[in-house]
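Asks: The structure under discussion is supplied below as structure tokens; questions concerning it will follow.
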Amino acid sequence: MERLARWVWRRWPRHMRVFWIAVGAANGLVLGWIGWAAIGTYLELPRRETLASVFVLSAVSVPGLLVSTTVFGRSLWRELAAWTARTSTDPRRLLDEVRVAPRRLAVRSSFVVTPAVVAGIILTVGPYVSPLGLVITAIWGIVGIQVVAVTCAVSFDLLMRPVREELTSELSIDPPRGGRGWSIEARLLASATSIAFVSGGLTPAVLSFVDTPDARMVAVLVAATVAAISAMAVFRALGIRPVLRPIADLTDGTERVAAGVFTDRVAVTSDDELGTLAASFNQMQEGLLERERLHTAFGSYVDPALAERLLAQGDELFDGEEVDVTVFFVDVRDFTSYSERAEAREAVSRLNALFGIVVPVLRDHHGHANKFSGDGVLAVFGVPEQILDHAEKAVAAACEIQRQVRHTFGEGLRIGIGINTGRVIAGTVGGGGKLEFALIGDPVNVASRVEQLTKETGDPILLTRATVDALARKPAGLVPRGSHQVKGKTEPIEVCGLDPFAPSAT
């Protein structure tokens, strides 16, 4: 039935109202015929009077159902017509009508049709039964009308699924859940009630058309078979599928999330427990999407190695630690005078192009871009990713950076790199919600001072004696440059120049 409703909605959305009413009328006719034929058998009414009663009650109840559905559903039909004609752009208003319409139409229609059915029972059965039998028959008719109403409501709720799917896809957020729809328990109870009504009335309804004992045995067998098949069909259509379909949607949603897709929302097509679960799932997806965006942004500002260690260690990373590292400082030659002549955008673009070379090379050699300072970069090897050959990694990265800068910019941009090895304190410092992973210690200052010496010696890379001693294998192109006095140090620092373009420099 849901597939048929989806086909109707896709092909003729404006005729959804006709389809809705036709399904309701069919439910009323089938259940009404079974129930009334059973009553006629129990009351031992003549077959002609039984059939006459069925037709009279159908003539009373079905038009009453159609009229009441048209009258009480006018707001729904109006909103549905406006939506299909695209004269309304508010899916929330129509969705709210779709959520409440099945129950509202069922309840109001039952109140309208019930008096007509009771009047029809009195007129058609009154001459043949006692007053007590008339009361019992009227009660049976009232119960039957309620069963029809509940079955129609659950059927309508199922038929409107394609409409709800389209509406919820138009909404950026899930609709509010006010508990006005059918719960899973109510759906299953309604299905079970319809099954009990069909099963209980089908056998006597069939027996009313046979007279011989052999025919009655065959009729009972046929009725039981038809009742079982009908029960399975009704329970599958009204009880199982409305529950399994949202579960299947949630299963597909979890598979998408597992694959890293967080943008496809699960359709919230019901106001029951599964609708609440689907809405919660969408909220979870929004949280995961926000986390992914934050992770992407976080990865743009924080080195991935630092982020991974922060996630792994948590607050332990804030305590600080003493580690042996190799630090180097990269700085652009004569960038201050260049930036005075160039436009701001051009200067920033040039720096970003340079850093677009530096940062990937650092990552490839297990280094960490600790801080950007104007046209300079402070990099460290050995923390937060702890490696033993940090000196070799730093020298290799420095040579690779110089080669790529020369290949990209030629003589239009030159950089100097100072490298030093020593023991520093690494940890997170800051306050007031602003934190930074910092390196504290003399080796950091020395690396900066050594980079300044490259302007005096003319070397693209300068290594301190501490870094040279930390190397397991001395690279080719290493040239002693003597000892130099630097700011902040009482003793001169011995440095060595390194030509990154020499064969086997690293």
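Asks: May I ask you to rank ARG236, ARG414 by accessible area, largest first, using a 1.4 Å probe over the protein chains only? Provide the component values of the computation, followed by the final result.
Replies: Working: ARG236 130, ARG414 110 Å².
Putting ARG236, ARG414 in descending order of accessible area: ARG236, ARG414.
Asks: Between ALA228 and ILE440, what length comes free when the chain is fully extended (0.36 nm per residue of separation minus the Cα-Cα distance, one decimal in nm)? Present the calculation step by step, with values, prior to reporting the outcome.
Replies: Working: separation 212, 0.36 × 212 = 76.32 nm, distance 8.08 nm.
Taking ALA228 through ILE440 to full extension adds about 68.2 nm, to one decimal.
Asks: Just to make sure I understand: if all protein chains stay in place, what is the order of PHE72, PHE381 by accessible area at 1.4 Å, largest first? Walk me through the numbers on the way to the answer.
Replies: Values: PHE72 55, PHE381 0 Å².
Descending accessible area places them as PHE72, PHE381.
Asks: Return the distance in nm (one decimal) between the two label points of a simple spin-label model at ARG293 and SER373, each offset 7 Å from Cα along Cα→Cβ.
Replies: 3.5
Asks: Once all Cα-Cα distances of the range 364-506 are split into 5 Å bins that start at 0, what whole-number percent is in each one?
Replies: In whole percents, the pair-distance histogram is 2, 9, 19, 23, 21, 14, 7, 3, 1, 0, 0.
Asks: Per-residue accessible area for ASP364 at 1.4 Å probe radius, Å² rounded to 10?
Replies: 110
Asks: Sort 327-337, 74-84 by the packing proxy (mean of other Cβ within 10 Å over each peptide's residues), most packed first.
Replies: On the way: 327-337: 19.9, 74-84: 17.5.
Sorting 327-337, 74-84 by mean packing, highest first, produces 327-337, 74-84.
Asks: Hey, any idea what the orientation-averaged projected area of the convex hull of the range 408-474's Cα atoms comes to, in nm²? Walk me through the intermediate numbers first.
Replies: Details: hull surface 28.7 nm².
So the Cα hull casts an average projection of 7.2 nm².
Asks: If I model a spin label as a point 7 Å beyond the Cα along the Cα-Cβ vector, how far apart are those points for VAL100 and ASP324 in nm?
Replies: 7.6
Asks: How much accessible area does PHE437 have with a 1.4 Å probe, in Å² rounded to the nearest 10?
Replies: Near enough 20 Å² of accessible area.
Asks: Can you tell me how much longer the chain between PHE111 and ALA215 gets when fully stretched, taken as 0.36 nm per residue apart minus their C-alpha distance, in nm with one decimal?
Replies: On the way: separation 104, 0.36 × 104 = 37.44 nm, distance 4.00 nm.
This chain segment gains 33.4 nm when fully extended.
Asks: Is the shape of the range 369-412 best called rounded, prolate or oblate, per the rule: a/c under 1.5 gives rounded, else a/b larger than b/c gives prolate, else oblate, with a ≥ b ≥ c the square roots of the Cα gyration tensor eigenvalues? Write down the numbers at each step before the final one.
Replies: Working: a/c = 4.17, a/b = 1.54, b/c = 2.71.
Oblate, because a/c is 1.5 or more while a/b does not exceed b/c.
Asks: Mean separation of Cα pairs under 8 Å and 6+ residues apart, divided by the residue count of the range 348-506: what relative contact order is that in percent? Show your work: numbers first, answer last.
Replies: Working: 255 pairs, mean separation 29.6, N = 159.
Relative contact order, the range 348-506: 19 percent.
Asks: Highest mean first, what order results for 452-465, 400-413 on Cβ atoms within 10 Å?
Replies: The peptides rank, most packed first, as 452-465, 400-413.
Asks: If I model a spin label as a point 7 Å beyond the Cα along the Cα-Cβ vector, how far apart are those points for GLU165 and ALA192 in nm?
Replies: 3.0
Asks: Then there's this: How big, in percent, is the set of alpha carbon pairs in the range 461-502 lying more than 13 Å apart?
Replies: Working: 464 of 861 pairs.
When all Cα pairs of the range 461-502 are counted, 54 percent exceed 13 Å.
Asks: On the Cα set of the range 345-398, report Rg and Dmax in Å, please.
Replies: My reading of the Cα-based Rg and Dmax gives 12.0, 41 Å.
The values are calculated or read from the model by the stated rules, or taken from the named source; none is laboratory data. Just so it is clear, the structure is predicted and the values come from calculations on it, not from any experiment. Don't worry about glycine lacking a Cβ; one is built from the backbone with ideal geometry, like all the others, and counts go over all protein chains shown. Ligands, DNA and RNA are excluded from the accessible area calculation, which covers all protein heavy atoms including side chains. Shrake-Rupley method; radii C 1.70, N 1.55, O 1.52, S 1.80 Å.
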